[in-house]
Amino acid sequence: MKLAAKFEFLFNFSFETCCIALTSLESLVLLDQNIKNIKLINYRESKDLLKEGYNVSENYSIIEVEVDMHFPFPINQPRKLFYSISFQYDPKTCTLYRIVKPYLPDSIDPLKLFEKHKFFFKMNENEKEELIDCRLLFVFSLTSIRKLNDDQILFTQINCNFY
């Protein structure tokens, strides 16, 4: 199944408040009840990426996460997401950009993307991880949070999901 959507909102809050509320991992769990658990795998800033040979600007960072999702009926099979989130701030336009794109762990055979896979999965924060059958979910997303004035933000997000 493929889904795509674009959202655009004006928020009457400060730029900093919107950036924190709309991009933090903790906020994602609060905003999306289908997310059962998020695990931070890796975090790198511009200086780390430059040392690794990447050509990135000064205001750039990347995090890699592993997400456990479980949707209501009719999508009963738990979903596992592996994605990287890059952030870049443009001081000229006062805009924070967030790009989400999937990555494939080395343990997954690319020829078996749409088959069930055994993953450790957590249904909620208080439970232990269990090894269960999951399907992969691939998320592509572009978000921009642009400061219009001290108390007004333009939030734009385009999402594409494949599962």
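Descriptive notes on the structure:
- Some residue of segment 18-34 being surrounded by 13 or more Cβ atoms within 10 Å (Cβ to Cβ), under 15 Å from PHE138 (Cα atoms) and among the β-branched types (Val, Ile, Thr): no
- Look at segment 19-45: where a residue is under 22 Å from TYR89 (Cα atoms) and free of Cβ contacts under 8 Å to residues at least 60 places away in the same chain and a partner is aliphatic (A, V, I, L, M) and assigned to a helix (DSSP H, G or I), sitting 6+ places away or on another chain with Cβ atoms under 8 Å, you get SER27/ILE20; SER27/ALA21; LEU40/LEU25.
- Top-ranked residue of segment 35-65 - restricted to ones that are among the basic types (Lys, Arg) and within 17 Å of PHE87 (Cβ to Cβ), ranked as surrounded by the fewest Cβ atoms within 10 Å (Cβ to Cβ): LYS47
- Within segment 103-137, the residues that satisfy the criterion of being touching a Leu at 6+ places or on another chain (Cβ under 9 Å), buried (at least 16 other Cβ atoms within 10 Å of the Cβ) and outside any loop (DSSP other than H, G, I, E, B) are HIS117, PHE119, PHE121, LEU136.
- Any chance TYR54 is among the hydroxyl-bearing types (Ser, Thr, Tyr) and within 20 Å of the chain's Cα centre (by Cα): no
All of the numbers you see were taken from the coordinates with simple rules; none came from a lab. Given the structure is predicted, the values throughout are model-derived calculations rather than measurements. Quick reminder, even Gly has a Cβ in these numbers, built from the backbone with ideal geometry, and neighbours come from all protein chains shown.
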